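Let me begin by presenting the structure, written as structure tokens, before commenting on it.
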Amino acid sequence: MKPIFFLLLSIFFAQSIKAQNPTQKDSITMLEEVILTDTILSKHATGIVPSSIVDIKSFQNYSPVDMVSAINEIPGVFVLSGALNTNKITIRGIGARAQYGTDKLNLYYNEIPLTNGTGTSTIEAYDLENLEGIEVIKGPKGTAYGTGLGGAIILRSPENTNEASKVKNNFTMGSYGLKKNNLRFTHSDSKLSLKVSYGHMETDGYRENNKFERDGILINTSYQINPKNKILFLLNHIDYFAQIPSSISKSAIEEDPKQAAFTWRSSQGFEDNNYTLAGFSYLHKFSSTLENTTSIFYTYLDHYEPRPFNILDEITNGYGFRTRFLGSFNFLQKKAEYTFGAELYKDEYNWGTFENLYQNNNGNGSLLGNQLSNNKEFRRKFNGFGSITLPLSDKFTAQIGLNINKTHYDFRDKFNSGANNKNAKRNFDVIALPSLNLNYDFDQNYKVYANISRGFSNPSLERSLTPEGVINPDIAQETGINYELGGQLYFFKRKFHLDMAVYRMDIKNLLVDQRIGEDQYVGKNAGSTKHQGLDLALSYTTPISSWLKIRPFINYTLSDFSFVEFIDGDNDFSGNPLTGVPKHRFNSGLQMQTGNGLYWNTSHQYVDGISLTDANTLYSDSFNVWNTKIGYKKQVFERFNFGLNFGVNNIFDAVYAQSVLINATGFGGSEPRYFYPGNGRNWYSGFSLGIKI
């Protein structure tokens with residue numbers, strides 16, 4: 001109840017001060033809002049489908065290395081972060097059973113697909129300071145974005161609109177040897193928009209064997225050929241090295257949360273990545289009522305990861321295209337809209353494993369040994385989509401959408417021959433995924449919507465194997481139907497905002513991982529789950545005086561998820577709460593801004609205990625984490641501005657698990673390692689300089 005009390009006290013305090021100055025004019029509305037994390041209707045991206053957005057104003061409330069906290073403000077979205085390079089994004093419980101990364105949702109950079117051929121997404125490959133915003137579609141409502149069970153996340157890059165050339169540099173330093181610098185050059189004129197950014201970050205990390213270093217360059221440019229034609233080019237390259245402390249046991253986190261897992265510390269485990277995304281887009285306006293955007297893209301990943309049990313060496317080359325038409329026409333003397341298009345993603349995944357001889361390396365960490373496997377995978381997925389939005393009256397709008405998916409896997413075993421060779425193919429049937437969205441606007445202050453949509457998730461190729469290592473044709477795609485009702489309400493001259501959604505998703509052919517080795521899992525369909533919950537966001541923006549504005553907020557997530565039918569071997573877990581998801585989550589805070597450029601944000605996160613086993617015999621501890629940041633921005637001259645900021649994370653130095661593994665298994669009699677400890681109390685400080693050339 002602390003967050004609710006915090007909100008009510010803040011509102012009472014604000015109104016009390018304002019009541020003492022009844023004659024003051026409300027000039028504070030002229031100020032630029034520093035932070036807003038509200039659910040909005042993104043008309044261009046999804047028609048009338050609601051989506052949640054965190055933008056630059058939200059990002060600046062946190063450390064520039066902390067994308068996780070900004071995303072976690074969105075009700076229904078929870079990022080479990082084991083390290084800077086290890087994030088698992090769950091949306092309404094979807095993806096919670098993934099072991100180490102993000103799956104069952106689709107990730108895009110503008111209109112370019114980023115999710116690989118087996119459904120894995122890596123959001124940590126992108127620098128927060130290079131983004132304008134992150135848009136989240138919760139559930140399979142976004143027909144044009146893949147209809148994954150979890151939904152879609154769209155990374156939005158900024159596009160210059162003011163005709164000027166600017167140079168800006170942001171520098172941040174902090175605890176654990178943190179140093180981060182982002183240097184940007186932007187230019188815009190009547191035809192050309194150009195952004196070039198170079199970033200470097202390094203930190204020793206909170207835990208043992210936890211160093212991280214990243215260099216990245218982003219080139220984002222567009223050229224307006226004429227009023228009807230525009231070309232865009234995107235290049236994002238990231239080179240990063242990250243040590244891996246891995247998860248630790250319950251007794252270890254109680255003894256010393258800074259310690260790394262013994263075998264990972266001994267092998268000095270790490271990952272070394274080179275990642276490149278290149279995309280070229282062409283925008284053409286056929287008329288005032290029809291336009292098309294077509295993109296072609298290429299992705300490259302070179303990944304090398306020494307682990308205690310083996311060394312993984314992999315290279316992935318991906319490429320594809322996406323085309324989308326947006327149009328409108330007259331319907332009942334009103335404007336109706338439609339969109340249709342297709343995307344194709346193909347990748348070639350080469351991977352092999354080798355012995356790790358670290359135990360024979362005199363304490364110098366990992367040492368490459370004999371090759372254990374050599375594999376090649378060809379993965380292909382196709383999405384066709386379309387939707388039409390019809391204004392049935394001045395207030396009532398309906399949208400009907402359809403997505404069609406086709407996925408194909410081709411596995412080549414280049415290591416074994418004869419009877420031991422495991423070459424195999426898996427060709428999933430075409431799956432149709434319809435969606436119906438209804439929206440009713442009472443007026444500009446009261447809007448409600450309803451949705452029924454179908455989504456799906458493919459098993460990865462590796463999870464499609466049997467324990468003997470051959471393709472299991474009986475593994476089926478996960479499918480689910482989402483039912484949702486929500487609305488946005490504004491009160492008190494739009495100062496008080498309430499955003500609420502209730503939903504239920506029924507999932508069949510639940511895919512679960514069965515661990516058959518230290519780093520070997522196979523999948524199987526083990527039953528069905530029921531996801532029902534409430535997403536609630538409350539905020540109140542009020543002027544205190546002509547120079548001060550405050551905004552208290554609360555975001556609450558209720559996740560009542562359970563196994564409807566789940567039989568795993570001799571164990572029947574039917575009726576148990578879903579593993580890996582906290583039932584209750586609160587995010588609350590108070591944001592302040594003055595007319596002279598000073599801003600302050602204090603935020604609080606409460607996470608309920610998380611079930612760690614399907615039998616619900618072990619839960620993580622619930623926790624509270626408080627963060628604060630204060631900053632100042634000033635336009636000194638017409639061409640020069642600067643900013644200063646200082647922040648403290650985990651103010652009360654709570655010991656907590658920021659991410660967990662479910663159904664962990666101890667090997668050789670060791671205690672299972674369920675927990676990734678969150679950072680202790682830490683600080684950061686930064687300054688920025690901007691020059692208009």
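The values are calculated or read from the model by the stated rules, or taken from the named source; none is laboratory data. Since this is a predicted model, take the numbers as computed values, not measurements. We place every Cβ from the backbone using ideal geometry, glycine too, and count neighbours over all the protein chains shown. The area values use the complete protein model at the heavy-atom level, side chains included, leaving out ligands, DNA and RNA. Shrake-Rupley method; radii C 1.70, N 1.55, O 1.52, S 1.80 Å.
Express in whole angstrom the spacing between the alpha-carbon centres of the stretch 423-448 and the stretch 480-509. First find each Cα centre; the distance between them is then 15 Å. Across the options Ile404, Thr122, Pro677, the greatest Cα extent toward the positive end of the charge dipole of the chain (unit charges at beta carbon of Lys, Arg, Asp, Glu) belongs to Ile404. Backbone amide hydrogens, once placed in the peptide plane, bring Leu107 within less than 5 Å of Leu114, Thr115, Ile153, excluding anything fewer than 5 places away on its chain. Basic side chains Lys and Arg get +1 at the Cβ, acidic Asp and Glu get -1 at the Cβ, and with that the dipole of the chain about its Cα centre reaches some 2180 debye.
Under 16 Å Cα-Cα from Lys258, which aspartates and glutamates qualify once same-chain neighbours fewer than 8 residues away are excluded? Lys258 reaches Asp204, Glu208, Asp653. Separation of the stretch 132-184 and the stretch 247-284, taken as the distance between their Cα centroids, equals 21 angstrom. Based on the alpha-carbon gyration tensor of the stretch 64-199 and its eigenvalue square roots a ≥ b ≥ c, which shape applies: rounded if a/c is under 1.5, prolate if not and a/b is larger than b/c, or oblate? Oblate shape, in that a/c is at least 1.5 and b/c is the bigger or equal ratio. Structural size metrics of the stretch 277-434, computed from C-alpha coordinates, are Rg and Dmax of 23.9, 80 Å.
Ranking Ser193, Ile219, Asn229 by Cα position along the charge dipole of the stretch 176-260, where only Lys, Arg, Asp and Glu carry charges on their C-beta atoms, puts Asn229 farthest toward the positive end. Helix-only arithmetic for the chain: the sum of -39500 (n - 2.57) across DSSP H runs with n ≥ 4, divided by the residue total, places the mean residue ellipticity at 222 nm at -1500 deg cm²/dmol.
Work out which GluC sites (Glu not before Pro) in the chain are exposed loop sites (DSSP not H, G, I, E or B, at most 10 other Cβ within 10 Å) and give the longest gap free of them. My reading of the result: 33-467 is the longest stretch.
Between the amide H of Leu372 and those of Thr353, Phe354, Glu355, distances stay under 5 Å, these residues lying 5 or more places away or on another chain, with hydrogens modeled in the peptide plane. Using a 7 Å offset from Cα along Cα-Cβ at Asn374, what residues in the stretch 300-342 end up with backbone N under 15 Å from the label point? Taking a point 7 Å out along Cα→Cβ of Asn374, the residues of the stretch 300-342 whose backbone N falls under 15 Å are 313-315.
Stokes-Einstein, applied to the Kirkwood radius of the stretch 554-667 over Cα pairs at a viscosity of 1.002 mPa s and 20 °C, places its translational diffusion at 123 µm² s⁻¹.
Surface calculation, 1.4 Å probe, protein heavy atoms: Lys634 sits at approximately 90 Å² accessible. For Arg681, the residues whose modelled amide H falls within less than 5 Å of its own, excluding neighbours fewer than 5 places apart on the same chain, are Asp653. Split the accessible area of the chain by element, probe 1.4 Å, and carbon with sulfur accounts for 57%. Going by the alpha-carbon gyration tensor, a ≥ b ≥ c the square roots of its eigenvalues, is the stretch 181-271 rounded (a/c under 1.5) or, if a/c is not under 1.5, prolate (a/b greater than b/c) versus oblate? Prolate shape, in that a/c is at least 1.5 and a/b is the bigger ratio. By definition, a body whose alpha carbon gyration tensor gives a ≥ b ≥ c is rounded when a/c is under 1.5, and the chain falls into this rounded group. A simple rule links phi to the HN-Hα coupling: the Karplus curve 6.51 cos²θ - 1.76 cosθ + 1.60 with θ = phi - 60°, which for the stretch 550-561 gives 10, 9, x, 8, 9, 10, 10, 10, 10, 10, 9, 10 Hz, with x for Gly and Pro. Heavy atoms of the protein chains alone define the surface here; on that basis the chain has 42 Å² accessible area per residue at 1.4 Å probe size. Across the stretch 90-96, coupling constants 3J(HN,Hα) worked out from phi with the 6.51/-1.76/1.60 Karplus curve, θ = phi - 60°, read 10, 10, 6, x, 6, x, 5 Hz, and Gly and Pro carry x. 3J(HN,Hα) along the stretch 581-596, derived from phi through the Karplus expression 6.51 cos²θ - 1.76 cosθ + 1.60 where θ = phi - 60°, amounts to 10, x, 6, 10, 9, 10, 10, 9, x, 9, 10, 10, 8, 10, x, 9 Hz, with x in place of Gly and Pro.
Centre-to-centre, using Cα atoms only, the stretch 366-399 and the stretch 45-105 are separated by 18 Å. Annotation: Ile481 carries an accessible surface of approximately 70 Å², with a 1.4 Å probe and no ligand, DNA or RNA atoms counted. Taking 7 Å steps out from each Cα toward its Cβ at Val636 and Tyr446 produces label points 5.3 nm apart.
The local environment of Asn427, defined by Cβ-Cβ distances under 11 Å, has a net charge of +2 under the rule Lys, Arg +1 and Asp, Glu -1. Annotation: Asp429 carries an accessible surface of approximately 120 Å², with a 1.4 Å probe and no ligand, DNA or RNA atoms counted.
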